[in-house]
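A.B. asks: Here it is, the structure, as structure tokens.
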Amino acid sequence: MAVSPLALHVHASTNRHSVSPTFDHLKKSISPALKPIWKELQQQLALKKIDVSNTVKKASGIVLDVLVDGLYRFVDQPYLPSQKNFAPVQEIGEAVEVACLEGELPAGFPEGVFVRNGPNPQFGCLQSTVSPLGITNETWVEGEGMLHALFFKKTCDSDWSISYKNRYVESETFKLEKQRNKPSFIPAIEGDPLAVVAAFSLNRIRLNADNKFLCNTSVFEYLGKLYAISENYLPHEIDSQTLETLTVWDFNGDWDRPCTSHPKKAPGSGELVIMGIDIKKPFLVVGVVSADGKELLHKVDVQLDKGVFSHEIGVTESYNIIVDQSLSVDISRLAKGGQLLKYDKEKTSRFGVMLRYGDADSVQWFEVETCSTFHILNTFEDGDEVVVRACRAVTSIFPGPDWGENKLDWYTRGYKLPPKNGKNGNEEEGFLFHSVYEWRLNMATGDVKERNLSGPHSSMEFPFINENFIGLKNKFGFAQVVDSAASSTCGLAMYGGLAKLYLDEPQEGENGQAVKVEYHEFGESNFCSGSVFVAKNGSAEGEEEDDGWITAFVHNEVSDETQVHIIDVKDFEGEPAAKIRLPQRVPYGFHGTFMATPNKH
């Protein structure tokens, strides 16, 4: 997110001397604590031959680096014992052959690659910094992106070859810090306001970016190419066989801002609908990329009046669906001593329905009960109504509590199951409980109908469907099920199972569910991430929507072993069709995808 550098008087916070333009005066004015740094600076400058054209640029870079090294102390954030599988792993190197521990790959399972993205801090831990300006922290979503992939290939005798590989997404900021061999970007999302402002400014001046390009959130396939992405930058193309980072996709130079982690392929046309948020105007821009990926056909400022943290965009056959939630990004609030990111339960939440090639005036807005919505299950048209199905909570899980509150305590309370008489959580406990919700937006009358599909007993997030039905009316939805007890102990979300929602089958009874739900449990101390639907090989029109499998990375907290489970969706509550043991553990992460190998015929 772009932030304009602000004037900083850093020296006023470190000593009481004014800064003179002469080096001799500066040498006298520095505090004793900084004299070793000044000596190092002199030595570095003495070793360099003077190049008149570059002297100022090089000297200023050295001065700023020495200043940051002197003022800022980087501190590793510790992992609790219950958070051991959130800790990073090393790159494994060449792909390693693996095999089914139990079962076998089912008939009709496609060749391809199952890949999942997630944070994997390059230097072993998330970082905090301590300085005279205050403290800043990296948040739990800020580790560098690492891809974990399982490759499925048929051999000449129709046997399977399965291999595993992992690799960092090598963004420009990743390579910059790797070359320096130390943390260099000052955390700039959470912390004391003055320290956060200083972090943005110093990062921009020193490193030419406000923050690291994380590339750790999602992976998606478009036109046979694989991309890794996070909210704060552009998609990075990835070689689907080697996981090598190739190029940054800026849509032929026509897109000048970050891109959503969840672009959507429009049903029918095959166009790619994208979105980008920013901290300054225009706050949210929607784009449409041509079906061949070569041209940005449409780009429009939705003209929001605030910087909203909108994570995902929806599509139907005719519309783009915008999520305007109550989580805002506001630099002016930061300047006044508040938080950069803040969820405001008093503000309005709403959905915007915009024609595919519409402008800001074409958006029809629908106010809904205030909530936090990051992930969409699906959106589609049903007569006069646009239907939005997504995961909903009463409070935003990100960035967490107000600065200064005890984080672990806040997340511990938030992950607890809501009181039985509570609706979906309250201010004291259970406020991070997520339900799969449905909103019916009537385009003719402007009315909204809301209902809880999944009920008050199982918290669900990271929803997904058979991607052949994105933007179309669908019968089945899937989600990862939060283990509330484990998550409350850990202070981070842990998913102990999967849910299959029968969206066309009303549920009778008193359990609070609007539709039938089946569960697949992984068993005690087993937790998943990156779950995706894999359609049966050769699936075509007329095939059943749930004809396929779910693949998921599943980690056992006791054995510290990670497997990939392949679950038959039609035997959802049964044992997995196959369990594949991996050569090293895979830390919990975010979103995955299955990229099928194109048919050879």
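The values are calculated or read from the model by the stated rules, or taken from the named source; none is laboratory data. This is a predicted model, so every value here is computed, not measured. Note that we place each Cβ from the backbone using ideal geometry, even for glycine, and neighbour counts take in every protein chain shown. SASA here: full protein model, heavy atoms, side chains in, ligands and nucleic acids out. Shrake-Rupley method; radii C 1.70, N 1.55, O 1.52, S 1.80 Å.
A.B. asks: I'd like the distance between the alpha-carbon centres of the range 490-515 and the range 522-571, rounded to an integer number of Å.
C.D. replies: If you average the Cα positions of each part, the centres end up 17 Å apart.
A.B. asks: Same structure, new question: How big is the convex hull of the Cα atoms of the range 369-517, per residue, in Å³?
C.D. replies: Roughly 116 Å³ of hull volume per residue.
A.B. asks: Add +1 for every Lys or Arg and -1 for every Asp or Glu among the other residues with Cβ under 9 Å from the Cβ of residue 469, and state the total.
C.D. replies: 0
A.B. asks: When all protein chains stay in place, what accessible area (Å², nearest 10, 1.4 Å probe) is found for residue 457?
C.D. replies: 110
A.B. asks: Normalised by the number of residues in the chain, what is the relative contact order in percent for Cα pairs under 8 Å and 6+ residues apart? Display every interim value, and only then the final one.
C.D. replies: Values: 1452 pairs, mean separation 73.1, N = 601.
That works out to 12 percent.
A.B. asks: Mind listing which trypsin sites (Lys or Arg not before Pro) in the range 61-123 are in a DSSP loop and have 15 or fewer other Cβ atoms within 10 Å?
C.D. replies: Hits after loop and neighbour filter: nothing returned.
A.B. asks: Let me check something: with ligands and nucleic acids excluded, how do 451, 333, 392 order by accessible area (1.4 Å probe), largest to smallest?
C.D. replies: My answer, sorted largest first, is 451, 333, 392.
A.B. asks: Could I ask something else about it? Using alpha carbons only, how many angstrom separate the centre of the range 92-108 from the centre of the range 285-312?
C.D. replies: 39
A.B. asks: Just read off the accessible area of residue 182 with the full protein assembly in place, 1.4 Å probe, to the nearest 10 Å².
C.D. replies: Here the residue's solvent-accessible area equals roughly 80 Å².
A.B. asks: Please list, short to long, the whole-number percent of alpha-carbon pairs of the chain in consecutive 10 angstrom bins beginning at zero.
C.D. replies: 3, 16, 27, 27, 16, 7, 3, 1, 0
A.B. asks: What are the trypsin sites (Lys or Arg not before Pro) within the range 505-601 that DSSP puts in a loop, where the Cβ has at most 14 other Cβ atoms within 10 Å?
C.D. replies: Numbers: sites: 516, 536, 570, 579, 581, 585, 600; in loops: 536, 585, 600.
The qualifying sites are 600.
A.B. asks: Also, quick follow-up: Would you mind pulling out the separation of the Cα centroids of the range 198-257 and the range 314-350, in Å?
C.D. replies: 22
A.B. asks: At 1.4 Å probe radius, can you tell me the per residue accessible area of the chain in Å²?
C.D. replies: 43
A.B. asks: Let me check I've understood the local charge: for residue 388, count other residues with C-beta under 9 angstrom from its C-beta, Lys and Arg +1, Asp and Glu -1. What total comes out?
C.D. replies: +1
A.B. asks: What are the radius of gyration and Dmax of the range 230-340, computed over its Cα atoms and given in Å?
C.D. replies: Cα-based Rg and Dmax for the range 230-340 come out at 15.2, 49 Å.
A.B. asks: Divide, for the range 321-442, the radius of gyration over alpha carbons by 2.2 N^0.38 Å, where N is the residue count.
C.D. replies: Here the Cα radius of gyration is 1.19 times the empirical estimate.
A.B. asks: Using a 7 Å offset from Cα along Cα-Cβ at residue 335, what residues in the range 299-319 end up with backbone N under 20 Å from the label point?
C.D. replies: It comes to 304-309, nothing else.
A.B. asks: Measure nothing fancy, just the Cα-based angle from helix 193-207's long axis to the longest principal axis of the chain, in degrees from 0 to 90, nearest 10.
C.D. replies: Result, in degrees: 80.
A.B. asks: Also: Can you check what the net charge comes to around residue 493, using other residues whose Cβ is under 10 Å from the Cβ of residue 493 (Lys, Arg +1; Asp, Glu -1)?
C.D. replies: Numbers: positive: none; negative: 461, 483.
After counting each charged neighbour, the total is -2.
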